[in-house]
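A.B. asks: Before we start, here is the structure in question, set down as structure tokens.
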Amino acid sequence: MTGRAVITGIGVVAPGQPGREAFWEMIVKGKTATRRITLFDPTPFRSRIGAECDFDPELAGLSYQEIRRTDRAGQFALVAAREAMADSGLDMDAEDPHRIGVSVGNGVGNAISMEQEYRTVSDNGRQWLVDQGYMKPHLYSYVMSSSLATEVAWASGAEGPATVVSSGCCAGIDAVGYAVDLIREGSVDVMVAGATDAPIYPVTVSCFDTLRASSTSNDDPEHACRPFDRRRNGLVLGEGSAVFVIEELEHARRRGARIYCEVVGYAARANGYHMTGLRPDGREMGEAITAALDEARINPDEIDYANAHGSGTKQNDRHETAAYKRSLGEHAYRVPVSSIKSMVGHSLGSIGSIEIAASALAIDRGAIPPTANYEERDPECDLDYVPGTAREAELDVVLSVGSGFGGFQSAVVLTSPRRIT
Amino acid sequence: MSAPVITGLGVVAPNGQDREAWWRATLDGTSGLGRISRFDPERYPVRVAGEATKFDPAAHAPQRLVSETDAMTQYAFAATNEALADAAVVPDDFADLDMAVITANSSGGVEFGQRELQKLYSEGPQAVGAYMSIAWFYAATTGQLSIRHGMRGPCGVLCSEQAGGLDALAQTRRVLAKGTRLVLSGGTDASLSPYGLVCQLSNGRLSEEHRPERAYVPFDSGASGYVPGEGGAIFVVESREDARARGVERIYAEVSGYAATFDPRPGSGRPPGLRRAVELALADASLAPEDVDVVFADGYGVPELDRQEAEALAAVFGPEAVPVTVPKTMTGRLYAGGAALDVAAAALALRDQVIPPSVNVRPDPEHRLDLVVDRPRETRLRTALVLSRGYGGFNAAVVLRAV
Amino acid sequence: MSANMTFDDLKAVMSRCTGDVDDLTPDKLDAAFTDIGYDSLAVLEIASQIQREYSLQIPDEAIEGMQSPQAVIDYVNASLAAV
């Protein structure tokens, strides 16, 4: 384990307008992308709001064949991967494709297509023995989420190790952690790594309805997601993708690449307790944070900004606040903590990568994106949540965390290129 | 850290509901392929599958857990119980953060999912059950195992179709190298609901042969595709030092080498990546081709893919230079469980010094393979190579060595 | 479906959700779900099954009040009476 992994390219398709710069501009202004769901008619649902991408696959440059064979999640990933590749300036003609790998984080696969095709072959839920005569030729690529890695590999030209990392809502962090591990062990020089999910469709919306985990502020979508606020009433589903070019430091230096940040520490832990529940004392997330800092050999008080999971549920935000106190000690009260889910929602397996993109851009641009909609203090959530307005700040060390069903907890530590010696 | 070793094995397979029953059937050449019984397959062109028909989920987990899980996870409950007992692991003897779960998954809990989709569209959104959120997604099995056995270290889930079981073993090796002491690794899958089958039909690689004994015959000139199956294997993996220190009596095998590659995009004219995966895995194990005593081939059953694999093997080892076998001819391809089951077969082959046969196959001489057919072959085995390919371009290879 | 939920009706619903309900005897009617082995997810699953079988829409606040089998029965019967 000798290699060092740096991010040299970033591509984003987030709620609102696609593209890295549109994403950054939106979150740094504290604007939210939440609205009444337009991807289907949400009238019969308990929660009828979502943070949707204004995404047209043709305008985004995908070929007709790519559009035909991919789900919305795959389309997001293709666009984000191409933006990341272009941003990195990686010249594939000069690279050995065998030394380039792919890891794509994902939570719920090609969920929209799986549901749409189910409706067709089952005659809208009438037949258990579904009708093969209405089968779409790309159905197999929908049922196998691994197709998301295939698409990104084809788009980037990678021929090294490729996989989909599918640890639920931590997948977006874990896919980056996986990439960093492969670079450090020397299996690859470059990873095209990130995550994608497009869950805003009836079955996922009804799942969160049934769990009573999503916000019901249907009359005020813009202010529905209120992480850490006393009046928070649940998460808002989002969608999108962020993909990175991550490469070994010397490889990046040799080709004179621009470096956004180094990924210096990563850890995943499980709560081993409940598939959806969290201990109020913040133990499991705190352990992931501590382990990531240990790997990075960084002291808690060096953290300049914590990019929160901050889903806006009662349970999470309390757990997470406690986790910062457990893992960072007194520094928890000093470090700015913000949740961009207040603006882009919770895109399940993808959000961890979108939040890493926000963290990397925060280092690059010297600004901390705010927590939108934060107004009323909760006695159990008593940290500095950067309410409403972005802050200028020189950031050397940034922590980003995630938490998800199955008990998964992950944390990643990024440092400014100023710290690379 | 010393190389990781497999100290416990658990299996659920179409031709055996536990490790030893499955292994006896495998050596006897007893196939688990038959007409699909989970539902009436009459209307579908594919009617043969490898089903774990005699499996009783309630024998391996409390009813509460059975209610909130898909069959894919229930198989993992059973295989994990067996693997932990086999390795004489009492999870309470370990610190919870020192143990982790890393499984492969491919299609999620498709039967559970189809049932809830049917509720959604026939009754409305309020009919969708709370367990849908935790049963259908790809991470369900790892999450449930982590909770059930109190394993709180770096857990993970990888999806690379049939290659995932080997990728999970490689990720297991990584987390052990970072300090985790014990990992449950492997994969299980249950892809057979009507919607699950129709999804698979669309890949054009399933065999439409209705006679179970002719449906899945990789490397045979009559190969007509593959048969899907369900089940898989779970392993207990730990460092050799740790295993010795806690007095483990039997170490099945050391995980000595691994590599994964990805095929060039279609139309590039460049060769597929399987051969490179074999070469890199051998290099990773610091072994030469002649050190390999047996190859557990991927054996897709699709003529062009069989030809590519045979060519890769001939290129690395020379024609007919190493015994090759495909015991999955008795189970079908188990997707996320497939490569894991092949690892289990390789581990037991090393234990018993016997190569399990491929059944029903008459290898096409053009493939120039020394395929072990019909009867097991007793021979000295020290090193086994397991190959796997996942739909969409994934290749992986693992080298296991007897210790 | 009767227009009233009895203990046996609830037991039948719970059996369809979580399988075994043999331990669920009338003396546990007022016991907290968490004390008799039903976690928060199991209660949500039961609520969802009741929504299906009784054609009810159970609001979030009512779910929070469903701490025991008796509380569920009381809620369902009050809702059915109000229809």
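Read-outs throughout are calculated quantities, based only on the coordinates presented, and are distinct from any laboratory measurement. What you see is a predicted model, and the numbers here were worked out from it, not measured in a lab. No Cβ is skipped: glycine too gets one built from the backbone with ideal geometry, and neighbour counts run over all protein chains shown.
A.B. asks: Find the centroid of the Cα atoms in segment A:372-421 and in segment A:77-146, then give the distance between the two in whole Å.
C.D. replies: After rounding, the separation between the Cα centres reads 31 Å.
A.B. asks: Hey, if you drop one equal point scatterer on each alpha-carbon of segment B:86-165 and run the Debye formula without solvent, what base-10 log of I(q)/I(0) do you get at q = 0.14, 0.27 Å⁻¹?
C.D. replies: -0.60, -1.16
A.B. asks: Name the residues whose placed amide hydrogens come within less than 5 Å of the amide hydrogen of residue B:285, ignoring near sequence neighbours (fewer than 5 apart) on the same chain.
C.D. replies: B:258
A.B. asks: Right, another one. Quick one: order A:261, C:17, A:170, A:225 by neighbouring beta-carbon count within 10 Å, fewest to most.
C.D. replies: Ordered by Cβ neighbours within 10 Å, fewest first: C:17, A:261, A:225, A:170.
A.B. asks: Once the Cβ-Cβ distance between residue B:311 and residue B:210 is put in as r, and R0 is 45 Å, what FRET efficiency do you end up with, to the nearest 0.05?
C.D. replies: 0.90
A.B. asks: On a 20 Å Cα-Cα criterion, which of the cross-link pairs B:54/B:328; A:31/A:341; A:314/C:28 come out too long?
C.D. replies: A:314/C:28
A.B. asks: So what are the ³J(HN,Hα) numbers for segment C:3-8, from phi and the Karplus equation (6.51, -1.76, 1.60; θ = phi - 60°), rounded to whole Hz, Gly and Pro as x?
C.D. replies: Couplings: 7, 8, 9, 9, 4, 5 Hz.
A.B. asks: Hey, what's the per residue convex hull volume over the C-alpha atoms of segment A:128-177, in cubic angstrom?
C.D. replies: 113
A.B. asks: From other protein chains only, count the Cβ atoms within 10 Å of every residue's Cβ in B:276-288, then give the mean.
C.D. replies: Across B:276-288, the average partner-chain Cβ count within 10 Å equals 1.
A.B. asks: Something else now. Using a 10 angstrom cutoff on alpha carbons, build the Gaussian network for chain A and name the most mobile of A:352, A:19, A:329.
C.D. replies: A:329
A.B. asks: For A:180-188, what's the mean count of beta carbons from other chains sitting within 10 Å of each residue's beta carbon?
C.D. replies: Shielding by partners across A:180-188 averages 2.
A.B. asks: Next question. Divide by every residue of chain C the summed helix terms, -39500 (n - 2.57) for each DSSP H run of at least 4, and state the resulting mean residue ellipticity at 222 nm, rounded to the nearest 500 deg cm²/dmol. Before the final figure, lay out the partial values.
C.D. replies: Details: 4 runs with 47 residues, N = 83.
Counting only the DSSP helices, I get -17500 deg cm²/dmol.
A.B. asks: On a C-alpha basis, how far is the centre of segment B:324-342 from the centre of segment B:251-318 in Å? Whole number, if you could?
C.D. replies: 16
A.B. asks: Sorted by mean Cβ packing within 10 Å, highest first, what order do the peptides B:253-263, A:126-136 take?
C.D. replies: B:253-263, A:126-136
A.B. asks: Can you check how the C-alpha radius of gyration of segment B:340-403 compares to 2.2 N^0.38 Å, as a plain ratio?
C.D. replies: Ratio of Cα Rg to 2.2 N^0.38 Å: 1.22.
A.B. asks: Moving to a separate point now. Shape call for chain B from the C-alpha gyration tensor, a ≥ b ≥ c root eigenvalues: rounded (a/c under 1.5), prolate (a/b greater than b/c) or oblate?
C.D. replies: It is oblate, given that a/c is not under 1.5 and a/b is not larger than b/c.
A.B. asks: Quick query: amide H of residue A:16 versus all other amide H atoms, modeled in the peptide plane; which residues come in under 5 Å with a sequence gap of 5 or more or a different chain?
C.D. replies: Answer set, sorted by chain and number: A:52, A:53, A:54.
A.B. asks: Mean residue ellipticity at 222 nm from the helices of chain B, using -39,500 (n - 2.57) per DSSP H segment of n ≥ 4 over the full residue count, to the nearest 500 deg cm²/dmol?
C.D. replies: Numbers: 13 runs with 131 residues, N = 403.
That comes out to -9500 deg cm²/dmol.
A.B. asks: Still on this structure: Which order do the peptides B:310-323, A:152-165 come out in when sorted by mean C-beta neighbours inside 10 angstrom, highest first?
C.D. replies: On the way: B:310-323: 18.2, A:152-165: 27.9.
Result, highest mean Cβ count within 10 Å first: A:152-165, B:310-323.
A.B. asks: Can you work out the Karplus-derived ³J(HN,Hα) for every residue in segment A:149-165? Use 6.51 cos²θ - 1.76 cosθ + 1.60 with θ = phi - 60°, whole Hz, and x for glycine or proline.
C.D. replies: Taking θ as phi minus 60°, the curve returns 5, 4, 4, 5, 5, 4, 5, 9, x, 6, 10, x, x, 9, 6, 9, 9 Hz for segment A:149-165.
A.B. asks: Count, for each residue of B:382-395, the Cβ atoms from other chains sitting within 10 Å of its Cβ, then give me the mean as a whole number. Write down the numbers at each step before the final one.
C.D. replies: On the way: counts 0, 0, 0, 0, 0, 0, 0, 0, 6, 6, 12, 10, 8, 3.
Going residue by residue through B:382-395 and averaging, the value is 3.
A.B. asks: What translational diffusion coefficient, to the nearest whole µm²/s, does segment A:264-416 have by Stokes-Einstein, given a Kirkwood radius computed over alpha-carbon pairs, a temperature of 20 °C and 1.002 mPa s viscosity?
C.D. replies: Value of D from the Cα-based Kirkwood radius: 143 µm²/s.
A.B. asks: Something else about it: Please report how far the C-alpha centroid of segment B:166-184 lies from that of segment A:288-323, rounded to the nearest whole angstrom.
C.D. replies: Cα centroid to Cα centroid, the span is 25 Å.
A.B. asks: Quick one: A:410, A:347, fewest Cβ neighbours within 10 Å first, how do they rank?
C.D. replies: Sorted ascending by nearby Cβ count, the order is A:410, A:347.
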